[in-house]
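S.K.: First the structure, which I've put down as structure tokens, then a few questions once you've had a look.
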Amino acid sequence: MQDSIERWLGTLFGLIFVGLSLLVTVETIVRKVFNYSLQGADELGGYSLAVGGTIAFSLALMGRTHIRVDVFHEHLPASMKAVLDWMSAVFLAAFAVLMAWLAWYVIKDTTAYMSVSQTPWATPLKYPQWAWLTGLIVFALLAVLTASRATWLLVRGDAAQLDREFGPRSTKQEVDEELADLKVRSVD
């Protein structure tokens, strides 16, 4: 199931930015050749970055690629590693929930004030903000599920599994994953 979620989110992320790059290409050509601007490419770029960022949060969570300072991690006893890995999952989930909760209040204010973008399109900001909030909610849900799994492993006392699933990836693991991915892509 994780692979299908990652594939779906990765595809959505890619489509957003391929679409944006096509729009920017057309905008650039039309501006140079016809001296005319389509207006709004920069506005859509901002919305794409906001929504794409929330998708990237989820992808990084699922792939264990969020940046962690792990200089001392490998030198610690297994029980200390387990607690730190659990704490990182729980704190990330708390932060994700906080971001989604605060985004909800941003949308409430935007709706109350009927805020629009300061561009020629005057887009009602509640629409792109709903897409942004949706991405944050997906991230928060995935983070809470991840933290729940980490908590269950910690309570069960399975430090080795907790380290495998939630510990920072080693350089060897990252290289092995890249080589496996390269092998799969070269077969296709």
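S.K.: Any idea of the accessible area per residue across region 103-150, 1.4 Å probe, to the nearest Å²?
M.R.: Details: 2900 Å² over 48 residues.
Value returned for region 103-150: 61 Å² of accessible area per residue.
S.K.: In whole angstrom, how long is each semi-axis of the equivalent ellipsoid of region 82-188, when you take the square root of 5 times every eigenvalue of its Cα gyration tensor and sort them from largest down? Spell out each step's value before the answer.
M.R.: Details: eigenvalues 278, 103, 17 Å².
Ellipsoid half-lengths, sorted descending, are 37, 23, 9 Å.
S.K.: Still on this structure, I have one more. Which one of VAL18, VAL71, VAL83 has the biggest mean-square fluctuation once the chain is modelled by GNM with Cα springs under 10 Å?
M.R.: VAL71
S.K.: Put +1 on the Cβ of every Lys and Arg and -1 on every Asp and Glu Cβ in region 50-188; which of SER58, ILE137, PHE72 then has its Cα farthest towards the positive end of the dipole?
M.R.: ILE137
S.K.: Right, something else. Once you have the alpha carbon radius of gyration of region 20-88, what is it after dividing by 2.2 N^0.38 Å, with N set to its residue count?
M.R.: Working: Rg = 21.5 Å, N = 69, 2.2 N^0.38 = 11.0 Å.
For region 20-88, the normalised Cα radius of gyration comes out at 1.96.
S.K.: Quick one: if you stick a label point 7 Å off each Cα along the C-beta vector at VAL116 and GLU174, how many nm between them?
M.R.: It is 4.7 nm.
S.K.: For the chain, what does the convex hull of the Cα positions come to per residue, in cubic angstrom? Mind showing how you got there, number by number?
M.R.: Values: hull volume 28.9 nm³, N = 188.
Cα convex hull per residue, to the nearest whole number: 154 Å³.
S.K.: Using a 1.4 Å probe over the heavy atoms of the protein chains, calculate the carbon and sulfur portion of the accessible area of region 39-169 as a whole percent. Present the calculation step by step, with values, prior to reporting the outcome.
M.R.: Values: 5360 of 7590 Å².
That share works out to 71 percent.
S.K.: Would you mind calculating the relative contact order of the chain from Cα pairs under 8 angstrom and at least 6 residues apart, reporting the percent as a whole number?
M.R.: Working: 142 pairs, mean separation 50.3, N = 188.
So the answer I get is 27 percent.
S.K.: Name the residues whose placed amide hydrogens come within less than 5 Å of the amide hydrogen of VAL116, ignoring near sequence neighbours (fewer than 5 apart) on the same chain.
M.R.: Amide H neighbours of VAL116: LEU125.
S.K.: Once you have a ≥ b ≥ c as the square roots of the Cα gyration tensor eigenvalues for region 34-144, tell me rounded if a/c is under 1.5, and otherwise prolate or oblate according to whether a/b is larger than b/c.
M.R.: Taking the square roots of the gyration eigenvalues as a ≥ b ≥ c, region 34-144 is prolate.
The values are calculated or read from the model by the stated rules, or taken from the named source; none is laboratory data. What you are looking at is a predicted structure, and each value in this text was computed from that prediction instead of being measured. FYI the Cβ positions are ideal-geometry reconstructions off the backbone, even for glycines, and counts take in every protein chain you see. Each accessible area value is taken on the protein alone, full model and side chains, heavy atoms only, with ligands, DNA and RNA left out. Shrake-Rupley method; radii C 1.70, N 1.55, O 1.52, S 1.80 Å.
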